[in-house]
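Participant: One structure coming up, written as structure tokens, with questions to follow.
Just so it is clear, none of the values below were taken in a lab; they were calculated from the coordinates. Quick caveat, the model's predicted, so the values are computed rather than measured. When we count neighbours, we look across all protein chains shown, and the Cβ atoms used for this are built from the backbone with ideal geometry, even at glycine.
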Amino acid sequence: MNRQRLRLGERAIESAIFAGGVAAIVIVGLIMFFLFREGLPLFGNTSAAGFFFGKKWQPSSEPPQFGLLPNLWGSFLVTLGAAVIAVPLGVGTAVYIRYIAPRRLAGFLKGFVELMGAVPSVAVGFVGAVALSPLIKDFLHLDTGKSAIVGSVLLAFLAIPTITTIAEDAMSMVPKEYFQGSVALGATYWQTIYRVLIPAARPGIVAAIMLGLGRAIGETMVVIMVTGNAGLLPDHGVWHAFTHSVRTITGTIGAEALEVAQGEPHYQALFMLGVVLLLITVAFNSLAVTALGRTRRTART
């Protein structure tokens, strides 16, 4: 009887997990269907080339212009800045927690980093708008503190917990024999970390970076609050663009979605922005899943 109950319980749990997985796939599929259904009619009024290669986002002009490039450029710029900050800090923190810090300190730091990931993005954006933007404005002598560089710093803060946690998990999956063999061959502890352990965990580290940047590129509240939301393409170099206002895909959707009537070209253009953002996120996640699969295969061998 006890064994039968255990088997029934296991089957019930397996069925629940299977149903949850199927439900998740169906929900994602419905979201994709809804985005395409609402966005594709845009091309009945606006050419695909005008949307994908358009240089201006001016819904209120006559005729309205729905150019993707200013939004895509803003998203790329703040994500690039976040990557420059978050990748070395996140990976470096993971290396320190896994290989260098004493056990008690490592446990504390890991918990603290995970707690950082629980901070609401709206709170991060508020602190950035009130404290960080004026500070960077005075330090760099800018006309306004709302700029791409502020958005990059805050997105890096949001991405670091993801990068650190997943990278540290990937490093923990590297077999201990790698360390023992390297030391036995005469390598120092630092040489073993740099030349053996980190390369062995590289696919997982790449996955961590991809997921962290996916979090950054999909963030909405922070970029709305601190980037200025000016949809302009650069004309004075990358640094000039970093120190001035930009508009991201998520920022445009968040700022304008509640101001349009259903079925209008503006409404459809916002959904097409959602389609583009979805495709970018899927690409990031696909790279991350592939890299994680390589890490697991390395750990098994």
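Participant: Cα-based count: Lys pairs in the chain below 29 Å, eight or more positions apart or different chains?
Facilitator: 6
Participant: Ok, one more. Compute the length gained on full extension between Ser60 and Glu114: take 0.36 nm times their separation in residues and subtract their Cα-Cα distance, giving the result in nm to one decimal.
Facilitator: Here the answer is 15.1 nm.
Participant: So if I take the centroid of the Cα atoms in the range 5-76 and the same for the range 275-289, what is the distance between those two points in Å?
Facilitator: 11
Participant: Using helices alone, what [θ] at 222 nm do you get for the chain, with -39,500 (n - 2.57) per DSSP H run of 4 or more residues, divided over all residues and rounded to the nearest 500?
Facilitator: Theoretical 222 nm ellipticity from helices: -22500 deg cm²/dmol.
Participant: Between Gln4 and Asp138, with labels modelled 7 Å along Cα→Cβ, what's the label distance in nm to one decimal, could you check?
Facilitator: For the pair Gln4/Asp138, the computed spacing is 7.7 nm.
Participant: Another question, if that's okay. Note the listed values (1) 23.0, 77; (2) 18.9, 57; (3) 20.9, 70, then indicate which one is Rg and Dmax of the Cα atoms in Å calculated from this particular structure.
Facilitator: Label (1) holds the value from this structure.
Participant: Starting from the Cα-Cα distance between Leu80 and Arg195, subtract it from 0.36 nm times their residue separation and give me the gain in nm to one decimal.
Facilitator: 38.7 nm
Participant: To test your reading of the geometry: what angle, between 0 and 90 degrees and rounded to tens, separates the Cα axis of helix 265-300 from the longest principal axis of the chain?
Facilitator: 10
Participant: Using alpha-carbon positions, what is the distance between the centroids of the range 77-100 and the range 162-183, in Å?
Facilitator: 16
Participant: Another question about this same structure. By the gyration tensor of its Cα atoms, with a ≥ b ≥ c the square roots of the eigenvalues, what is the shape of the range 148-286: rounded for a/c under 1.5, prolate for a/b over b/c, or oblate?
Facilitator: prolate
Participant: Further question on the same structure: For the range 1-44, just say rounded, prolate or oblate: build the C-alpha gyration tensor, square-root its eigenvalues into a ≥ b ≥ c, call rounded for a/c under 1.5, and beyond that prolate if a/b exceeds b/c, oblate if not.
Facilitator: Since a/c reaches 1.5 and a/b is larger than b/c, the shape of the range 1-44 is classed as prolate.
Participant: Karplus couplings for the range 238-255 from phi (6.51 cos²θ - 1.76 cosθ + 1.60, θ = phi - 60°), rounded to Hz, Gly and Pro as x?
Facilitator: Each residue of the range 238-255 in turn: 5, 4, 4, 5, 5, 8, 10, 5, 9, 10, 9, 4, 5, x, 5, 5, x, 7 Hz.
Participant: Which stretch or stretches of the range 264-280 have amide N atoms under 11 Å from the point lying 7 Å from Ile31's Cα along the Cα→Cβ direction?
Facilitator: Under 11 Å, as judged by backbone N against the label point of Ile31, lie 278-279 of the range 264-280.
Participant: Charges on Cβ only, +1 for Lys and Arg, -1 for Asp and Glu, centred on the Cα centroid of the range 1-124; of Pro63, Tyr96, Pro120, which one is farthest towards the dipole's positive end?
Facilitator: Final value for the positive-end residue is Tyr96.
Participant: Let me ask something else. Quick check for me: using +1 on Lys/Arg Cβ and -1 on Asp/Glu Cβ, what's the dipole size of the chain about its Cα centre, in debye to the nearest 20?
Facilitator: Value, rounded to 20: 1480 debye.
Participant: For the range 200-211, in order, what is each residue's ³J(HN,Hα) by Karplus, 6.51 cos²θ - 1.76 cosθ + 1.60 with θ = phi - 60°, in whole Hz (x at glycine and Pro)?
Facilitator: 5, 9, 4, x, x, 5, 4, 4, 4, 5, 4, 5
Participant: Tabulate in residue order the Karplus-calculated ³J(HN,Hα) for the range 84-98, using 6.51 cos²θ - 1.76 cosθ + 1.60 with θ = phi - 60°, rounded to whole Hz; enter x for Gly and Pro.
Facilitator: 4, 8, 6, 5, x, 5, x, 5, x, 5, 5, 4, 5, 5, 7
Participant: Using 1/(1 + (r/R0)^6) with R0 = 45 angstrom and r between the beta carbons of Met173 and Ala12, what's the FRET efficiency to the nearest 0.05?
Facilitator: Result of the calculation: an efficiency of 0.90.
Participant: Right, another one. Can you tell me, using C-alpha contacts under 8 Å and at least 6 residues apart, the relative contact order of the chain as a whole percent?
Facilitator: 26
Participant: Let me ask something else about it. Which of Gly44, Ile27, Ala16 sits closest to the plus end of the dipole of the range 1-44, meaning its Cα is farthest towards the positive end, when Lys and Arg get +1 and Asp and Glu get -1 on the C-beta?
Facilitator: Highest projection toward the positive end goes to Ala16.
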